[in-house]
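J.: Sending over a structure as C-alpha cells; questions will come in a sec.
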Amino acid sequence: MTDEEEPNVTYKRVLLKISGEALMGDQGFGLHPPTVDRIAAEVKSVHDLGVEICMVIGGGNIFRGLQGSAQGMERTTADYMGMLATVMNALAMQAALEQLGVHTRVISAIPMDQVCEPYIRRRAVRHLEKKRVCIFAAGTGNPYFTTDTAATLRANEMSCEAIFKGTKVDGVYDKDPKKHPDAKRYDKVSYDEVLQKHLGVMDASAIALARDNNLPIIVFSLDEAGGFRGILSGRGTYTTVSG
C-alpha cells in the first residue's frame, strides 16, 4: 500500500460478519459457489487496500440451532450442529479466497486439527499482522451464543476498529424496507436505541458487548458490488451503530 492510498482507508483492522444465508444465493439451502466467489472477491478488494480482515460466517444456510431446538431437539446439541455448519462455510470461503491468491486461515473454537487451526489468540493476531485473512468458525465454542456474539467477542480480542455487518439491505431501518416502502433508514443510531427499538441489527448480547467496549458496527448491503471497499474508502450507503 502506498502512502498516497493510506489516508483513504478509514480502518486498518476490521471484522466482517455475514450470515450463512448470504452464501445461499437464490437457492433455499446450502452453498452457491458463484455467490461465495463474489463475496471472496469483495474481501480481496479490501485486503488489497492493506486492511487486515477477520471474518465470522453464520451457519443458517446449512443448519440453524434455534430451528432444531424448536423441533424438539435438545438446544445444546442443536447449537453444536450449528457450530459445525459454520466450519463448513468457513472452509468454503477459505477455498474461494485462496483461489484468488489471498492467504487465509480457518480458526475454530472447537478443536478439529485435521481441518483447521484451534483458536489461540496470539497466533490469530500474528496471522493478521502477516496480512492473512482469519475466518473464525464454530462461534464461541459454547451453546446459547450466536455467531453475532462470537463476531463481537473476536473483534474485541483481535483489537478490530469496527465490525462490518453485511446484510440484504443498505443499513438499519425503523421497519422492514422490503415490506414497508415508507421505512426510514438511519445514518447513525446508538447501541441503546438498537436495543430499545428492537432494530434487529444483531442479538442483544452482541450489541451490549459492542457497547461496553465502544466498538462501532457498520451495517451495509452485501449485495451491492464494491460496497465493502467503498465504505472503507469513505463512500457508499450504510448505517453506523455507535455510542
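The values are calculated or read from the model by the stated rules, or taken from the named source; none is laboratory data. Please read these numbers as outputs of a predicted model, since none were measured by experiment. Cβ coordinates were reconstructed from backbone atoms using ideal geometry, including for glycine residues, and neighbour counts include every protein chain displayed.
J.: Would you be able to say whether some residue in segment 135-153 is of a type in the set (Ser, Thr, Tyr) and under 18 Å from Tyr11 (Cα atoms)?
T.: Yes, segment 135-153 contains at least one residue that is of a type in the set (Ser, Thr, Tyr) and under 18 Å from Tyr11 (Cα atoms).
J.: Taking Ala41 as the residue in question, decide whether it is hydrophobic (A, V, I, L, M, F, W, C), touching a Leu at 6+ places or on another chain (Cβ under 7 Å) and surrounded by fewer than 23 Cβ atoms within 10 Å (Cβ to Cβ).
T.: Spelling it out, Ala41 is indeed hydrophobic (A, V, I, L, M, F, W, C), touching a Leu at 6+ places or on another chain (Cβ under 7 Å) and surrounded by fewer than 23 Cβ atoms within 10 Å (Cβ to Cβ).
J.: A further question follows. Restricting to segment 133-183, count the residues that are in contact with a helix residue (DSSP H, G or I) (Cβ under 9 Å, 6 or more places away or on another chain), in a loop (DSSP other than H, G, I, E, B) and not acidic (Asp, Glu).
T.: Selection size over segment 133-183: 13.
J.: A further question on this structure: Would you check if there is a residue in segment 123-130 being outside any helix (DSSP H, G or I), surrounded by 16 or more Cβ atoms within 10 Å (Cβ to Cβ), at pLDDT 95 or above and over 15 Å from the mean Cα position of the chain (by Cα)?
T.: Scanning segment 123-130 turns up no residue that is outside any helix (DSSP H, G or I), surrounded by 16 or more Cβ atoms within 10 Å (Cβ to Cβ), at pLDDT 95 or above and over 15 Å from the mean Cα position of the chain (by Cα).
J.: Give me a count of the residues in segment 74-109 that are buried (at least 20 other Cβ atoms within 10 Å of the Cβ), assigned to a helix (DSSP H, G or I) and touching a Phe, Trp or Tyr at 6+ places or on another chain (Cβ under 6 Å).
T.: Matching residues across segment 74-109 total 2.
J.: Another question, then. Looking at segment 146-156, can you tell me whether even one residue there is surrounded by fewer than 16 Cβ atoms within 10 Å (Cβ to Cβ), farther than 11 Å from Met55 by Cα and either without any contact (Cβ under 8 Å) to a residue 60 or more places away in the chain or more than 16 Å from the chain's Cα centre (by Cα) (or both)?
T.: no
J.: Select from segment 185-225 the residues that are surrounded by fewer than 14 Cβ atoms within 10 Å (Cβ to Cβ) and under 28 Å from Arg38 (Cβ atoms) and list them in ascending order.
T.: Scanning segment 185-225 gives Asp187, Gly200, Ala225.
J.: Please specify each residue of segment 90-130 satisfying the condition of being among the polar types (S, T, N, Q) and out of contact with any strand residue (DSSP E or B) (no Cβ under 9 Å at 6 or more places or on another chain).
T.: Listed by number, the residues that qualify are Gln99, Gln114.
J.: Can Ser205 be described as modelled with pLDDT of 95 or more and either touching an Asp or Glu at 6+ places or on another chain (Cβ under 9 Å) or not hydroxyl-bearing (Ser, Thr, Tyr) (or both)?
T.: Yes; evaluated as a whole, the condition is true for this residue.
J.: Additional query: What number of residues within segment 197-243 satisfy the criterion of being under 18 Å from Tyr173 (Cβ atoms) and in a loop (DSSP other than H, G, I, E, B)?
T.: Adding up the residues that qualify gives 13.
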